[in-house]
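**Student:** What follows is a single structure, and I will ask about it in a moment.
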Amino acid sequence: MLRSLVGSEMCIRDSSKKEDPSPPPPEESWLEKYLGRSSIIAGENTNRWRACAPLFVVSSCVGSVYSWSIFNAPLTRELGVIGSASGDWALNEVLVIFPICAVAMGAAAFTLGPWMDRVGPRMSSMAATTAWCTGLAVSAVGVTTHQLPLIYGGYGILGGLGWGFGYVLPIKPLLSWFPDKKGLATGLGVSAFASGGMIGSYLNDYLIKQYWVAPDLVGRLGEVDVLMEMGTRYVQYGSEMKEVLVAGVAEAAVYPGIMEGGVYLTGTGCNGVGPAFATLACLYAPAMLAAAALVRVPWEGYAPAGWKPPADDQTQAAGGASVDATQALRTPQFWLLWATMFGNCIAGITIIASAKTLLTDVMSPALPTIVTGSFATSFVAAVSIANLSGRLGFGAAADHLGQKRVVAMLGLSAPLCAGIPSVCTMAGTNPGTVLPLWLFCGSTLGVVACFGGFFAVMPSYLGKVFGPQHAGAIMGRHLTAYSAAAVAGPGLLMGLRDVSVRDGFDTLAQQVDPVVFEQKFGVPLEQLPMLIEAKSITIAQMMEISAAGTFDPTITLYNTTLYSMSAVIASAVVCNQFVHPVSREAIQALNSTNK
């Protein structure tokens, strides 16, 4: 009997062992413990505005990418400093850096969006900091060593990865903290990103000026023997022939300590960009790391005081259900919104990428005393302010008017874009008149405001169409449309600009006096193509020897580009009209396919 009792007890114990719960999950890695989502859950008395502030810091640091156009012109004078030397990079080689950065951003957001959703905003902030600041440091080395591929890899690829992390980073936390104000919340998030461009424009320009050093002066033109070979000027310097640049009226007016007619050695001095990149990396890294340490997400079951989830209606994906990022790719809504994003982005991102170059080209010939370097820097800052204002204003409007209506309103950028060429022509035919300048600034800033407004509305729009749970990851995949626009827009601009520049040279060549041309440039007019190829002549220099009243072709360099972009924006408006929330039946079909 005792044996049977013992056997029974053993059976009981054995059965109890079988009923033991499954073994506990493996311990978190040190990365997940200190940087993962579980480590940053806020306390229940946390102020949601204070919890989101660190997200804004990271976004604004990375958002300085929108001030890129400050670097365009100086990078084309890396060796010449006061002008482009024969070995300097061409403008189209420099402008491509921004599209590379945008493509890397889109690729990062597309492929790593789900990972960012999983690990949370702190680890994503660390990734953004590492990629962004390393990219700036590599770019500094690339400028200093005159290695363009390093800048492509640094600012372009690494910077683009940091951009992707930093841009997508605040979307899901903000939607979680502000379910009652989704349009305003995401508008604030992307506005913080846009504010980085405003701050960065002045900071970049300040650092470039601080580190700028004049090239070595050989002497004045006429005092030294300058030889012309294949369109490039040389002087005998010691036992070697050295390339030189001759400063003209424009260079003497712009650069401190430079005199008209001065002969300057290329490869000496400093254009300031390399040290500026290095300084930016050192400034941004500690600010972003500190912000990453303070990031918090709401606790489970969080809801703002007095707020209740809205009842099911037709403005949201069926019953509040959510479509994940992979399923979204199989819906027509995804591709309609992709096309809508491409069209709404192409003009705005092109203006942002080339703001300083664009303004200087089309308005400086007509108003040289007003459109100075400082004015152009302020214009770049104003572009960022317009971007920020559009995000705040249209983001808030979406909470009252609805996302689809607001996106339709953003189509107003199409007529604004189409009207800019007429404003440019007005400036060329009425030099000295200020009205065209203000019309140009107003139109371009209006286009950028619409661009910014689209990005404020898009996250909450995606939440309405696909459901809020995976809106951040789906937004990341839609950013490939932005990347495509960032490639197509500047690429179109540079291609058509090159054609217009050639046409402008041909037009002026038919009007200038060949004798005067040879006296100024040291070669017959027939060798103009050689000078163009060697970057030893500009349209501005041709205008100096043209008859009074000659129309400056620089003013119309971008007309065809702007008309083309206006048509693309109009097509985006049409695509938006066909967007509607994913239906219950469509979600069921997607789920059954997954099974």
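**Student:** Provide a single number: the residues in region 190-233 that are at pLDDT 90 or above and β-branched (Val, Ile, Thr).
**Tutor:** Total meeting the criteria: 3.
**Student:** Sticking with this structure for a sec: Do you know which of the residues in region 74-109 that are under 29 Å from VAL263 (Cα atoms), in a helix (DSSP H, G or I) and open to solvent by 40 Å² or more (accessible area, probe 1.4 Å) is modelled with the lowest pLDDT?
**Tutor:** Residues of region 74-109 under 29 Å from VAL263 (Cα atoms): 74-95.
Filter again for in a helix (DSSP H, G or I), leaving 74-75, 91-95.
Restricting the remaining residues to those that are open to solvent by 40 Å² or more (accessible area, probe 1.4 Å) gives 92-93.
Numbers: ASN92: 86, GLU93: 91.
Per the stated criteria, the residue is ASN92.
**Student:** Output the number of the condition that VAL499 fails; it satisfies all remaining conditions of (1) over 26 Å from LEU245 (Cβ atoms); (2) open to solvent by 30 Å² or more (accessible area, probe 1.4 Å); (3) in contact with a helix residue (DSSP H, G or I) (Cβ under 7 Å, 6 or more places away or on another chain).
**Tutor:** (3)
**Student:** Which of (1) in a helix (DSSP H, G or I); (2) open to solvent by 10 Å² or more (accessible area, probe 1.4 Å); (3) under 22 Å from ALA90 (Cα atoms) does GLY159 not meet, given it meets every other one?
**Tutor:** (2)
**Student:** Output the number of the condition that LYS172 fails; it satisfies all remaining conditions of (1) open to solvent by 50 Å² or more (accessible area, probe 1.4 Å); (2) in contact with a Pro (Cβ under 8 Å, 6 or more places away or on another chain); (3) outside any helix (DSSP H, G or I).
**Tutor:** (3)
**Student:** Another question about this same structure. Would you confirm whether or not region 577-590 contains a residue that is hydroxyl-bearing (Ser, Thr, Tyr) and either part of a helix (DSSP H, G or I) or at pLDDT 85 or above (or both)? If you could, list the steps in order and put the result at the bottom.
**Tutor:** Just the residues of region 577-590 that are hydroxyl-bearing (Ser, Thr, Tyr), to begin with: 583.
After this cut, where a residue has to be either part of a helix (DSSP H, G or I) or at pLDDT 85 or above (or both) as well, the list is none.
No, that holds for no residue.
**Student:** Give region 318-336 a look and list any residue that's touching a Leu at 6+ places or on another chain (Cβ under 7 Å) and buried (at least 24 other Cβ atoms within 10 Å of the Cβ), or say none. Talk me through it step by step, then tell me what you get.
**Tutor:** First, pick out the residues of region 318-336 that are touching a Leu at 6+ places or on another chain (Cβ under 7 Å): 323, 327, 330.
Result: VAL323, single match.
**Student:** While we're looking at this one, here's another question. One residue is enough: does region 397-417 have a residue meeting the conditions modelled with pLDDT of 90 or more, among the hydroxyl-bearing types (Ser, Thr, Tyr), assigned to a helix (DSSP H, G or I) and over 27 Å from ASN204 (Cβ atoms)?
**Tutor:** No, because not a single residue in region 397-417 is modelled with pLDDT of 90 or more, among the hydroxyl-bearing types (Ser, Thr, Tyr), assigned to a helix (DSSP H, G or I) and over 27 Å from ASN204 (Cβ atoms).
**Student:** Right, next: Of the conditions (1) closer than 23 Å to TYR563 by Cα; (2) at pLDDT below 90; (3) crowded, with 24+ Cβ neighbours inside 10 Å, ASN344 fails just one. Which one is it?
**Tutor:** Every listed condition holds for ASN344 apart from (2).
**Student:** A further question follows. Which pairs turn up if I take residues in region 207-225 that are at positive phi and look for partners that are surrounded by 14 or more Cβ atoms within 10 Å (Cβ to Cβ) and among the small types (Gly, Ala, Ser) with beta carbon separation below 8 Å, at least 6 apart in sequence or on another chain?
**Tutor:** From residues that are at positive phi, the pairs are GLY219/GLY262; GLY222/GLY261.
**Student:** Condition first: surrounded by fewer than 21 Cβ atoms within 10 Å (Cβ to Cβ) and closer than 21 Å to THR560 by Cα. Can you find one or more residues in region 381-390 that meet it? Walk me through how you get there before you give the answer.
**Tutor:** Here is the first cut: in region 381-390, the ones surrounded by fewer than 21 Cβ atoms within 10 Å (Cβ to Cβ) are 381-382, 385, 389.
This time we only want the ones that are closer than 21 Å to THR560 by Cα, so: none.
Looking through region 381-390, none of the residues is surrounded by fewer than 21 Cβ atoms within 10 Å (Cβ to Cβ) and closer than 21 Å to THR560 by Cα.
**Student:** Just to be sure before I move on: is PRO421 of a type outside the set (Ser, Thr, Tyr), in contact (Cβ under 8 Å) with a residue 12 or more places away in the chain and buried (at least 21 other Cβ atoms within 10 Å of the Cβ) in the structure I sent?
**Tutor:** Numbers: of a type outside the set (Ser, Thr, Tyr): yes; in contact (Cβ under 8 Å) with a residue 12 or more places away in the chain: yes; buried (at least 21 other Cβ atoms within 10 Å of the Cβ): no.
Criteria not met by PRO421.
**Student:** Mind checking which pairs have a first residue in region 407-418 that is of a type in the set (Phe, Trp, Tyr) and a second that is in a helix (DSSP H, G or I) and open to solvent by 10 Å² or more (accessible area, probe 1.4 Å), Cβ under 8 Å, 6 or more apart or different chains?
**Tutor:** From residues that are of a type in the set (Phe, Trp, Tyr), there are no pairs.
**Student:** Filter region 538-567 down to residues that are within 20 Å of LEU245 (Cβ to Cβ) and touching a residue at least 24 places away in the same chain (Cβ under 8 Å) and give me whichever is farthest from the chain's Cα centre (by Cα).
**Tutor:** ILE545
**Student:** Could you name every one of the helices (runs of 4 or more DSSP H) located completely within region 462-568 that has at least 1 residues being touching a Cys at 6+ places or on another chain (Cβ under 7 Å)? Walk me through how you get there before you give the answer.
**Tutor:** On the way: elements: 471-509, 514-521, 528-533, 539-544.
The helices (runs of 4 or more DSSP H) meeting that bar are 471-509.
The values are calculated or read from the model by the stated rules, or taken from the named source; none is laboratory data. All of these numbers come straight from a predicted model, not from anything done at the bench. Virtual Cβ from ideal backbone geometry, glycine too; neighbours counted across all protein chains shown. Only protein heavy atoms, including side chains, enter the accessible area calculation; ligands, DNA and RNA are left aside. Shrake-Rupley method; radii C 1.70, N 1.55, O 1.52, S 1.80 Å.
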